[in-house]
1. Looking for whichever is in a loop (DSSP other than H, G, I, E, B), at pLDDT below 90, of a type in the set (G, A, S) and open to solvent by less than 30 Å² (accessible area, probe 1.4 Å) here; the options are A161, A157, A166, A145. Which one fits?
2. From the list F468, F458, pick out the single residue that is at pLDDT below 80, open to solvent by less than 70 Å² (accessible area, probe 1.4 Å) and closer than 30 Å to G697 by Cβ.
3. For F358, only one of the following conditions fails: (1) surrounded by 18 or more Cβ atoms within 10 Å (Cβ to Cβ); (2) modelled with pLDDT of 70 or more; (3) not β-branched (V, I, T). What is its number?
4. Quick check on the stretch 317-355: of everything there that is farther than 21 Å from L23 by Cα and either modelled with pLDDT of 80 or more or outside any helix (DSSP H, G or I) (or both), which residue is most open to solvent (accessible area, probe 1.4 Å)?
5. Which residues, taken from the stretch 530-552, are of a type in the set (G, A, S) and assigned to a loop (DSSP other than H, G, I, E, B)?
6. Just checking, which of R588, R623 is among the charged types (D, E, K, R), under 17 Å from D465 (Cα atoms), in contact with a Pro (Cβ under 8 Å, 6 or more places away or on another chain) and open to solvent by 20 Å² or more (accessible area, probe 1.4 Å)?
7. Which residues, counting only those in the stretch 187-219, are of a type in the set (V, I, T) and out of contact with any Pro (no Cβ under 7 Å at 6 or more places or on another chain)?
Amino acid sequence: METLLQDLRFALRGFRRAPAFPLAAITTLALGIGATTAIFSTLNAVLLKPLPYPQAEDLYNIRTMLTDGRVTTGMLSNGEVSRLNGTTSSIVRAAGMQQADLTLLHEDGTPQHVKIYGVTEGFFELFGLPMTLGGFTHQNFVRPAPPRPAAPGAPGAQAPAGPPPAPPVVVISYRVWQDLYRGDPAVVGKPIRFAEVATTIAGVAPRDFDTPHRGDFWFGQQLDKDDINHFFDGFMRLKPGMTLERANAEMAPIMKGLERDFPQADLNRAYVTRPLVASVVGDLGPILIIVMSATGLLLLLGCVNVANLLLARGAARAREMSVRIAIGAPRSRIVRQLLTESVLLSTLGALFGLLLAFVGVRALLALGASKLPRLDAVPFDARVLLFSLVALVISGLLVGFAPALRLAATDVRTLMSESTRSATGGRGTARWLSTMTVIEIALAIILVAGAGWLVRGFASLRTTDLGFTADNRLIFDVAFLGAKYPNPAAVDTASRTLMERLAALPGVTGVGATSNFPFRNNLEGSLIAQFHGETVDPAHPMGTRQRIVSPGYFQATGTKLLQGRDFGPDDRPNTRPVAIINRTFVKRYLAGRDAIGLQFSAGYPAPDSRNEVTVVGVADDVRQKTVRDEAEPAFYSPLSQLPLRRQTMVVATSGSDVGGLQSAIRGQVRQMDPQIAVEFELVRDLVSATLGRQQLGMTLMLIFGASAILLAAVGIYGVTPGAGRHSRQRVRAGDEAGCAARTHRDRDRTWRGLPVGADRGESDLCDPRVRSPDAGRRDRAGGGNYLLRDDDSRVAGLASFAVRSAAHGVMVTTAAGAGGMACLFSADAPSWAAGACDAADVQRLSTTFPGRCRPHSATQPCRRR
């Protein structure tokens, strides 16, 4: 412990002496650890955090599929749900849930559109949470037997009228209990007001119950056990220790039995199961996994960046390390010191990274991520803190690994030699820096390429032809319910009247209505079609969707009519039934036949010839479910022939004042019926919401890609100056070595009486920093020497200039005026003379530099003293 504290104090002192290095390293690690922790916390909230139910890993979602390629809702029938109960050894319970719409009336009479979910018996018990208050009883799911008819002729005798509905009751969510009833403990049995039905509260759901997401109302669904209509979303709980493979093996024979009993509905149908958490998050999970991988690369990039800085700093400290090793410090002690410094940097980076992660997650939620499943709250729990600790340790080891390994692989002689060469080390360090730089660039390219891939995919989705126009369109739901609308004719009249009023508003360019607007995830019926005069092929039935729209709907949505006509005012209930089919219907089933005038019938589980329709037009394909899903065969029926009490109104606008238009629309609806709830939604926002997961992933990857480029640039810039200094020092060392070699050569030539620098001005080239200011006015003179101005009097009237030699220090060459005679002498060594110095020249040199140069003879150069 004492040694560790000593290492920490030493590291802190070093950081204090050079604060730029730790600041850059901590910032880099904070960015990497913070981004990784933020995404992991999101991934933890979505995938890793258990659902709020006991043994949530045993909960599964159930759907169905048709193996022969027919279109299907993917939902379950009540018969397919009920037969799973009590017939297997793996399933504890199975239950179904169906979505419906109601209009909640508040105490002040304000209407609010809400979704209510019909559930089968055992639904809440399946999830294992105790009810807050009350709950459904068995009687809420059992259809009472019809009353016995009286004896013939007896008073009050009447024909059976069918089973009456059970008294409707609802279970409300904990949120509604708190918001509307202030947590009243006596709320069970109190009435709750809906525009469509009078009902009472049977119970309050568990506080943590969230199936479906943000569901608020549930009622008991009363259906026959052999009902074959597919509109249930199924759920099941397995017994502890049972595997999904075993459950699937037991469910297959059950479906085979349903296929025998109901071949028209369940032929080639199979159960499809997946964990409940996977069904809740959808494709958000894979997107987060991709982004999590990207953040891991970003953290690795940050570690490489800091390791580069440590390598450069460690090379500059090579002299220190060599001295410590030379005086007896074990190599392991030096390695531990380096690892201590790296872990200290990682710890500080992790602390700042946690703060950055917290801020980043809150920013993501504020930008709309909170609307995605399970992202309404992203906690920083023990799992996230443990992940941060692991990231801290791993980054500390990665950061200190390269410098420590570099030191461990280098002997003391090499280390001391490199410490004297340059501040950045020798060839070994240069190779390490080059390798780490290449890794850094490769990681940055990977992240940028991944970001580009997601951007390209998102751009492709944004440019996909949806089949309708999203801009300048808004939608809202209306429900024509109550005594004011006693029959379909009254509903049709009210719908037409409302659309006429809306079309007359300023800025409105089109109005239409539909049973199911795209991307709203409403259940869409799947029917079997049959052309007039043909029989149904059981092996290849013609599956199709049916959508009900008003005249003017295609114009209001911007959907193109490719052939034929639109629905018109003459398409009434008492006229010939007509239909408009889509492009995919034509491609798949008509095989080149003319569509206009074609007659077909549709129904489920078999076509009903009494519902035969005539095709009057062909519309373009529309992406109905998601942007990714291709269009399915579908036909449109006129709303005037099949009036619906619940409709989605579509309003096309020409201006940007959507707020004013919404007020005008709400006023028109309130004049018709104050109990109709109007909640607007822009079609553009609806489309964007379907791409929310992809947009989140793309945005994060863009941020990480930009961060990767920034980190790589900073890291390369931080290493390049050191490498540049190293290169310059190597060049300078080479120049100095060249100067030394020339000095020895000139010395030899001097002894032989040869002129110095006869070929080039080599002395002048050794170090340009000490060149003479008169170098630009030199003239070639006899003897091959470089001469300066005759009046240069810096050294007793003789020109001189200084050069630095790696071996001999400062040397001064003096040149006599016109004679071109020279004397070479060393400032820190015995004198050397060059050329044929006469007595006068030598006398002047001796006077100027006493004791350095003396005459030897009149015809020989001065010799070494």
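The values are calculated or read from the model by the stated rules, or taken from the named source; none is laboratory data. Worth saying up front: this structure is predicted, and the values here are computed from it rather than measured. Cβ: placed from backbone, ideal geometry, glycine included. Neighbour counts: every protein chain shown. Quick note on the areas: whole protein, heavy atoms, side chains included, nothing else; ligands and nucleic acids left out. Shrake-Rupley method; radii C 1.70, N 1.55, O 1.52, S 1.80 Å.
1. Checking each option against the conditions leaves just A166.
2. Details: F468 fails: at pLDDT below 80.
So the residue among F468, F458 that is at pLDDT below 80, open to solvent by less than 70 Å² (accessible area, probe 1.4 Å) and closer than 30 Å to G697 by Cβ is F458.
3. Result: F358 fails condition (1) only.
4. Applying the filter and picking the extreme gives I327.
5. Just the residues of the stretch 530-552 that are of a type in the set (G, A, S), to begin with: 533, 539, 543, 550, 552.
G533, A539, S550, G552, listed by residue number.
6. Just one listed residue meets the conditions, R623.
7. Across the stretch 187-219, the qualifying residues are V187, V188, I192, I201, V204, T211.
Yes or no, residue by residue, for (1) open to solvent by 20 Å² or more (accessible area, probe 1.4 Å); (2) in contact (Cβ under 8 Å) with a residue 12 or more places away in the chain; (3) hydrophobic (A, V, I, L, M, F, W, C):
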residue: F217; (1), (2), (3): no, yes, yes
residue: K225; (1), (2), (3): yes, yes, no
residue: I254; (1), (2), (3): yes, yes, yes
residue: F262; (1), (2), (3): yes, yes, yes
